[in-house]
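These notes concern the structure reproduced below.
Taken together, the values in this text are just the output of simple stated rules run on the coordinates, not laboratory data. Here the structure is a predicted model, which is why all the values come from computation and not from measurement. All Cβ positions, even for glycine, are placed from backbone atoms using ideal geometry, and neighbour counts span all protein chains on display.
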């Protein structure tokens, strides 16, 4: 699948740095001054940290109440208190999906003010089998947040369980947090280069699908029909069915437009299904390892399909391997 | 079909969209003439009613008061299994009933494909002869649809030969997924779905319509596209329409009418609200489902 994606080069407004910590207390010790400085500047602060760290930061910052998850924007004024960003939901942990969701959340925060400061803390529970989740997440943040005026500081343990976590962090971050200041990181590589060695990880296998169909350009209508059936069975209302049909249609269109002519759709249904779960596969290669993460320029005729699909689904994970390119979609009603 | 001399005709739609279009036109003509219209359903009535709503034909009152009567699928199949003379008697009874109820006449149409179960449509042919007898000299019109999706070609030829009159509805384009018709000199209607398979046709149609308008002295400055029956538009199709309107000369505009909510949402995501020369007006019914589900 050659997924058309945004080619326009915008101004990079993201400041993305990595810091390395020796203990949970060190996480709080390194994060607190960054948060405090942002609040002195009047900038909103967002946190993606473990609950214990959130509680410790609350105490250090003399917050009187526990922090809450990001309330829905858009904000007319910067929230006075730090907000918690969404945590990964559902059985699949997809760094690219999480980066896309954070980008949407952070845009609502930056609309009210010039910038936003974000603290991200490594959480071993999300490592998966090899820690590649974090490499994918940081590469995806570099793409999704390019034009967002955010200062994102990611705090990683100096000695993580998986070596990949530390190595990925060193390659992904243009800046390093050293003695409380963000400095140039000579080891930084572009997302494409980082993911060339190790692409987005494949999600956990789901077992044989309940329905499988091959399709070509002239069978996209049948793909839409199949997805509509599954979405209705999962309890979606008419508008949600329409939106999910559109999302899968865009992914399937990429597969037939740029794939090798060997595209197929897998759908998992069953009486217990409370969400739409499907995958689109083709035998093509992936030019852009993280497609559809950046809003397309209005004048760009192409590259909108996957971006729209990402806005409509709860999970959209693209990965590739020797067999071709694959997209998993999960969507709640 | 609305000429007095034509009482019994057939039509052979090549696509479902053409079937809904022609059925709705036949029903609409009957309703506006004050006639009673009987539709023999076989899983198709929702699509016909949806098309009537798209055509801005009020159907709730006719359905409630019986001017538009839908014969349920099971009854349709039973009627088509009954002996021919029963069908003729039944039709004569329907005409009598319509006259007694004060209607000036009766229209009869529907989805008759279950009649194929019986000896490959020969019986349907006998049925046509009985219809001719039953409606001779009476205020009734019958339109038999033998659409190519449901009827085999050889049966269609047999049945077509039994009708003196065949109705057709021309289209600019029809690929079974999307049907494009011209409803007025500078008004084009899209029915069905636009995706990767037929998107180039739509964009060519926009370019051709603009070209025609620019060359004509009498053309209006706004090109009218009726999307009332467009159920799906993909992202690249939406971008194509928005970019086409943005590329119009300043003297001209593109107006999309009757846009359904799902199509509206993708147009919005693709920049339609910011295209200065594009007007989008929503579908009046909003399309929450078949219009009369509870009324039948």
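Helix B:235-246 versus the longest principal axis of chain B: what is the Cα-based angle in degrees, 0 to 90, to the nearest 10? Here the helix axis deviates by roughly 60 degrees. Would the range A:245-329 count as rounded, prolate or oblate if I go by the C-alpha gyration tensor, calling it rounded below 1.5 in a/c and otherwise prolate when a/b exceeds b/c, oblate otherwise? Oblate, because a/c is 1.5 or more while a/b does not exceed b/c. Please figure out what share of the DSSP beta bridges in chain A is antiparallel and state it in percent, rounded to the nearest 5. Close to 55 percent.
Taking chain A, how much of its Cα-Cα pair set, in percent, is spaced more than 34 angstrom apart? Don't jump to the answer; show the numbers that get you there.
On the way: 14032 of 55278 pairs.
Roughly 25 percent, rounded to a whole number.
With the highest mean first, a sort of the peptides A:203-216, B:265-278 on other beta-carbon atoms found within 10 angstrom per residue produces B:265-278, A:203-216.
Helix B:199-215 and the long axis of chain B differ in direction by around 70°, with both axes built from C-alpha atoms. In units of the rule-of-thumb radius 2.2 N^0.38 Å, the range B:26-114 shows an alpha carbon radius of gyration of 1.07. Mind jotting down the distance between the C-alpha centroids of the range B:139-208 and the range B:18-92, whole Å? So the two Cα centres are separated by 19 Å. A helix-only calculation puts chain A at -11000 deg cm²/dmol for mean residue ellipticity at 222 nm, using -39500 (n - 2.57) for each DSSP H run of at least four residues, averaged over all residues. Cα centroid separation, the range B:99-114 to the range A:275-323: 52 Å.
Restricting the calculation to alpha carbons of the range A:95-190 gives Rg and Dmax of 13.3, 39 angstrom. Set the Cα radius of gyration of the protein assembly as shown against 2.2 N^0.38 Å, with N its number of residues, and you get 1.20.
Values of log10 I(q)/I(0) for the range A:196-274 across q = 0.14, 0.24 Å⁻¹ run -0.53, -1.19, by the Debye formula with one identical scatterer at each alpha carbon and no solvent. Note on residue B:74 and residue A:192: their simple-model spin labels are 6.4 nm apart, each label 7 Å out from Cα toward Cβ.
Rounded to the nearest 10 degrees, the angle from helix A:163-172 to the longest Cα principal axis of chain A is 80 degrees. Of the peptides B:190-202, B:225-237, B:163-175, the ranking by mean beta-carbon count within 10 Å, highest at the top, reads B:225-237, B:190-202, B:163-175.
With contacts taken as Cα pairs under 8 Å at a separation of at least 6 residues, chain A carries a relative contact order of 22 percent. With helices as the sole contributors, chain B gives -12500 deg cm²/dmol at 222 nm; each DSSP H run of n ≥ 4 counts as -39500 (n - 2.57), and the sum is divided by every residue. Peptide B:229-242 is shielded by partner chain Cβ atoms: per residue, an average of 4 of them sit within 10 Å of its Cβ. Antiparallel beta bridges, as assigned by DSSP with both residues in the protein assembly as shown, represent about 40 percent of the total such bridges.
Across peptide B:193-200, the average count of Cβ atoms from other chains found within 10 Å of a residue's Cβ is 5.
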